[in-house]
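S.K.: To start, I am sharing the structure in question, which I have written as structure tokens.
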Amino acid sequence: QTILDLSKEGIVEYHGYHNDVRPFIENSHCFVLPSWHEGMANTNLECGAMGRPIITSNIHGCLEAVVDGETGYLVEPRNAGDLYEKLKMFIELPYEKKVEMGKASYEHISEVFDKKKVVENTIERLCDNLNNFNDTDKVYKNYIETIWDVYGDEPVALFDDSHISKIYGRKFEDL
């Protein structure tokens with residue numbers, strides 16, 4: 001069956017494509033993402049950042065967004081019984097505990113996934129590694145610091161291997 005068929009049958013409520021999902025998140029008590037495979041599930045981060053508890057799979061790309069039992073629940077992948085149990089646990093929580101879990105979710109996402117902190121940490125680690133190289137390699141460090149100065153807290157991608165290779169004739173993994 002397609003999503004439209006399920007919607008017609010009243011099994012799911014399909015809202016179509018939306019540019020702004022915040023109203024949907026605001027109207028939810030919890031966000032649920034059972035998944036078998038993820039990169040980094042931005043939906044978990046978005047919902048946690050809006051103070052929603054998260055129930056998601058215990059796989060990389062999802063588990064990083066949850067402190068199990070505090071900010072939501074982790075579910076074993078491909079395990080419908082475990083998903084059912086975690087949903088039931090959440091539903092049966094007192095309202096105050098759900099609110100507390102949502103606040104903890106917001107705090108966790110704000111602390112662990114703050115963009116400025118993540119970028120600063122990445123640059124710090126790159127620069128620490130570069131301090132162990134000769135003067136030619138320190139050009140990389142200057143390049144990284146320049147990118148940071150130019151982009152401030154908005155770097156989307158600092159550089160990629162092909163860019164480094166073209167400029168310096170070396171591949172990043174050679175460091």
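The values are calculated or read from the model by the stated rules, or taken from the named source; none is laboratory data. All values reported here derive from a predicted model rather than from experimental measurement. Here the Cβ is made from the backbone with ideal geometry for all residues, glycine too, and neighbour counts use every protein chain on show. Side chains included, ligands, DNA and RNA excluded: accessible areas come from the protein's heavy atoms. Shrake-Rupley method; radii C 1.70, N 1.55, O 1.52, S 1.80 Å.
S.K.: Using a 1.4 Å probe and ignoring any ligands, DNA or RNA, find the accessible area of Thr56 and quote it in Å² to the nearest 10.
M.R.: 0
S.K.: Got a sec to turn the phi values of the range 68-74 into Karplus ³J(HN,Hα) couplings, 6.51 cos²θ - 1.76 cosθ + 1.60 with θ = phi - 60°, whole Hz, x for Gly and Pro?
M.R.: 3, x, 10, 10, x, 9, 9
S.K.: Oh, and also: Spin-label point model (7 Å from Cα, Cβ direction): what's the Leu4 to Asn42 distance in nm?
M.R.: It works out to 2.7 nm between the two label points.
S.K.: Quick check: net charge around Leu63, other residues with Cβ under 12 Å of its Cβ, Lys/Arg +1 and Asp/Glu -1?
M.R.: -4
S.K.: In the full protein assembly as shown, how much of Lys86 is accessible to a 1.4 Å probe, in Å² to the nearest 10?
M.R.: 30
S.K.: Related question: Suppose accessible area is computed on protein heavy atoms with a 1.4 Å probe; arrange Ser28, Ser105 from highest to lowest.
M.R.: In descending accessible area the options line up as Ser28, Ser105.
S.K.: Another one. Solvent-accessible area of Leu4, probe 1.4 Å, all protein chains present, reported in Å² to the nearest ten, please.
M.R.: Near enough 100 Å² of accessible area.
S.K.: Counting only heavy atoms of the protein chains, get the accessible area per residue of the range 1-40 (1.4 Å probe) and round it to a whole Å² value.
M.R.: 86
S.K.: Just grab the label-to-label distance for Glu124 and Glu13, each label 7 Å out from Cα along the Cβ direction, in nm (one decimal).
M.R.: So the label points at Glu124 and Glu13 sit 4.4 nm apart.
S.K.: Moving on to the next point. Using modelled amide H (1.01 Å from N, peptide plane; none on Pro or chain starts), what sits under 5 Å from the amide H of Val32, excluding residues fewer than 5 places away?
M.R.: Result for Val32 returns Ile55.
S.K.: From the protein chains alone at 1.4 Å, what is the descending order of accessible area for Arg78, Arg52, Arg22, largest first?
M.R.: Reading off the accessible areas and sorting them downward yields Arg78, Arg22, Arg52.
S.K.: List the residues, sorted by chain then number, that are 5 or more residues from Val75 or on another chain and whose placed amide H is less than 5 Å from its amide H.
M.R.: Result for Val75 returns Thr56, Ser57, Asn58.
S.K.: For the range 1-131, please report how many Lys pairs fall under 25 Å Cα to Cα, leaving out neighbours fewer than 8 apart on the same chain.
M.R.: Qualifying lysine pairs in the range 1-131: 9.
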